[in-house]
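The structure appears right after this line, and notes come after that.
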Amino acid sequence: MSTHVPTPPTTPPTTGAAPAAHPPAPHRATGGPGRTLGTAAALVLVLAAVVATLFTALGLPAARSAPHQVPIGVAGPPQAVTAITTALAGQDADAFAVTTYADAGALRAGVLDRRVYGGVAVDATGT
């Protein structure tokens, strides 16, 4: 016994009525390969500008940094104090604000009271 199964027609039958309306497909902006290349180039240029700005903003201050009026103390015999003060001023006159102290104990008190950041104490033998 052979059974024949009918197959549906591949085209809808025409009855004179308009075909059913299909919703429009969503619009996608493909733009082709030129648009993708242009977008990538713009992204590369923007990222390069951001990186250059960051390097300039973070690198320039480090390249031009120097001490300005750093408070330090010097204690010891007058000739040693004069020699140290002159040597520090010879590097840069604006770099250090030198305060002289009578002895190492007074210098230590100045550091602990935060009047100076640190100092140099020289004894009578010059060490």
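The values are calculated or read from the model by the stated rules, or taken from the named source; none is laboratory data. These numbers come from a predicted model, not from an experiment. Don't worry about glycine lacking a Cβ; one is built from the backbone with ideal geometry, like all the others, and counts go over all protein chains shown. These accessible areas exclude ligands, DNA and RNA; they are computed on the full protein's heavy atoms, side chains included. Shrake-Rupley method; radii C 1.70, N 1.55, O 1.52, S 1.80 Å.
Quick notes on this one:
- Per-residue HN-Hα couplings for region 110-117 [Karplus 6.51, -1.76, 1.60; θ = phi - 60°; Hz; x = Gly/Pro]: x, 5, 5, 7, 6, 7, 9, 7
- Length released on extending from residue 115 to residue 43, taking residue separation times 0.36 nm less the Cα-Cα span: 20.7 nm
- Pairwise FRET efficiency - residue 57 versus residue 95, Cβ, R0 = 25 Å, nearest 0.05: 0.50
- Ranked from largest to smallest solvent-accessible area, with a 1.4 Å probe on the protein heavy atoms, 74, 122, 50 come out as 50, 122, 74.
- Between residue 70 and residue 103, the FRET efficiency from the beta-carbon distance, with R0 = 25 Å, is close to 0.70.
- Prolate is the label for region 40-127, because the ratio a/c of its alpha-carbon gyration tensor axes (a ≥ b ≥ c) is 1.5 or higher and a/b is greater than b/c.
- Cα centroid separation, region 67-86 to region 96-114 (Å): 10 Å
- Potential extension, residue 86-residue 50 segment - 0.36 nm per residue separation minus Cα distance: 8.4 nm
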